[in-house]
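*Asks:* After the structure tokens below, expect a handful of questions from me.
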Amino acid sequence: MKIGELARRSGLSAHTLRYYERIGLLPYADRNASGQRDYDAAILDRIGFLHRLKTTGMPIREMLQYAALMAGGETTLPDRRRLLEQHRERVRAHVDEMQACLLVLDAKIAGYGDTEARTKNDDANSRNRKRPAHSVGGRAH
């Protein structure tokens, strides 16, 4: 597939795809007879995986390290696994931190709901309360 179609299907710009190829995140594409890039559809899986690594906060230097290991073939499988396991631990720690933050946000939001409910109840109670009339000079105050 041409770079325009790959850009459309991957959600990345053609510029980003060329950049990823230039720095080594993606392998160089084959070229057709007219010299245009011609990508195999399998590259979409690799791009999808790169997207996951990026989304989970893997630094580009580690993404490049992983790509270099992939280019090294089967003998690099233990190193690739180790790199991904280390990243997974960082992702888990981040998820735990985000979960703790979410609990704080939930508590804060619930607190606002409690305050709103108390305010409505207080307003309703004050409207329903009858105030004693005091006479001063014949007028109720």
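*Asks:* Among the residues of the stretch 49-77, how many are open to solvent by 40 Å² or more (accessible area, probe 1.4 Å), over 24 Å from residue 3 (Cα atoms) and assigned to a helix (DSSP H, G or I)?
*Replies:* Total satisfying the criteria: 5.
*Asks:* Sticking with this one: In the stretch 24-69, which residues are over 23 Å from residue 88 (Cβ atoms) and among the acidic types (Asp, Glu)?
*Replies:* 30, 38, 40
*Asks:* Here are some residues: 46, 80, 90. Which one is out of contact with any helix residue (DSSP H, G or I) (no Cβ under 9 Å at 6 or more places or on another chain) and either among the hydrophobic types (A, V, I, L, M, F, W, C) or in a helix (DSSP H, G or I) (or both)?
*Replies:* 90
*Asks:* Mind checking which pairs have a first residue in the stretch 28-41 that is under 21 Å from residue 67 (Cα atoms) and small (Gly, Ala, Ser) and a second that is open to solvent by 60 Å² or more (accessible area, probe 1.4 Å) and not in a loop (DSSP other than H, G, I, E, B), Cβ under 9 Å, 6 or more apart or different chains?
*Replies:* Listed by first residue and then by second, the contacts come to 29/38; 41/9.
The values are calculated or read from the model by the stated rules, or taken from the named source; none is laboratory data. These figures come from a predicted structure and were not determined experimentally. Note that we place each Cβ from the backbone using ideal geometry, even for glycine, and neighbour counts take in every protein chain shown. Protein only, heavy atoms only, side chains kept; ligands, DNA and RNA dropped before computing areas. Shrake-Rupley method; radii C 1.70, N 1.55, O 1.52, S 1.80 Å.
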